[in-house]
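Data first, discussion second: the structure below is written as structure tokens.
The values are calculated or read from the model by the stated rules, or taken from the named source; none is laboratory data. Remember, predicted model here, so these are calculated numbers, not experimental data. Virtual Cβ from ideal backbone geometry, glycine too; neighbours counted across all protein chains shown.
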């Protein structure tokens, strides 16, 4: 996470940046960015399966001296209606916010908004 002029920066990641990556490569990219101290906002978010795998990968990487884990909050896929299921139309996952656990805290989430607190001054460059 980069701080400029006393502000806090985070990366807004478009779906185009991640759509060409395999699920495994997408998770590696996200985990590497978070380990570097970056907070990410993913436009299309992660599927429940990808979120589970990201947490599994994160647990393997935890080092209490350098990386304590991630904080993740997002919206589940929109509900798929009967006709969408019949015709095989899949809804994309909605926005996801991911960051280092020591920098990002989820405060509140509802259907329209995710509220987070970013904790400055905790080892970010």
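Assorted remarks:
- Where a residue in segment 53-71 is at positive phi and at pLDDT 85 or above and its partner, wherever it lies, is assigned to a helix (DSSP H, G or I) and surrounded by fewer than 12 Cβ atoms within 10 Å (Cβ to Cβ), with Cβ under 9 Å and at least six apart: 69/59
A quick yes/no check of all residues on (1) closer than 18 Å to residue 94 by Cβ; (2) surrounded by 14 or more Cβ atoms within 10 Å (Cβ to Cβ); (3) within 12 Å of the chain's Cα centre (by Cα); (4) modelled with pLDDT of 90 or more:
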{"position": "3", "(1), (2), (3), (4)": "no, no, no, no"}
{"position": "12", "(1), (2), (3), (4)": "yes, no, yes, yes"}
{"position": "19", "(1), (2), (3), (4)": "yes, no, no, no"}
{"position": "22", "(1), (2), (3), (4)": "no, no, no, yes"}
{"position": "26", "(1), (2), (3), (4)": "yes, yes, yes, yes"}
{"position": "31", "(1), (2), (3), (4)": "no, yes, yes, yes"}
{"position": "36", "(1), (2), (3), (4)": "no, no, no, no"}
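- Scanning segment 38-49 for residues that are part of a loop (DSSP other than H, G, I, E, B) and either under 13 Å from residue 95 (Cα atoms) or at pLDDT 90 or above (or both) yields a total of 6.
- Counted residues, segment 50-77 - those being in a helix (DSSP H, G or I) and either within 13 Å of the chain's Cα centre (by Cα) or surrounded by 19 or more Cβ atoms within 10 Å (Cβ to Cβ) (or both): 7
- Restricting attention to segment 95-117 and to residues that are outside any loop (DSSP other than H, G, I, E, B) and closer than 13 Å to residue 70 by Cα, the residue that is modelled with the lowest pLDDT turns out to be 106.
- Any hit, segment 80-94, residues being under 27 Å from residue 119 (Cβ atoms) and at pLDDT 85 or above: no
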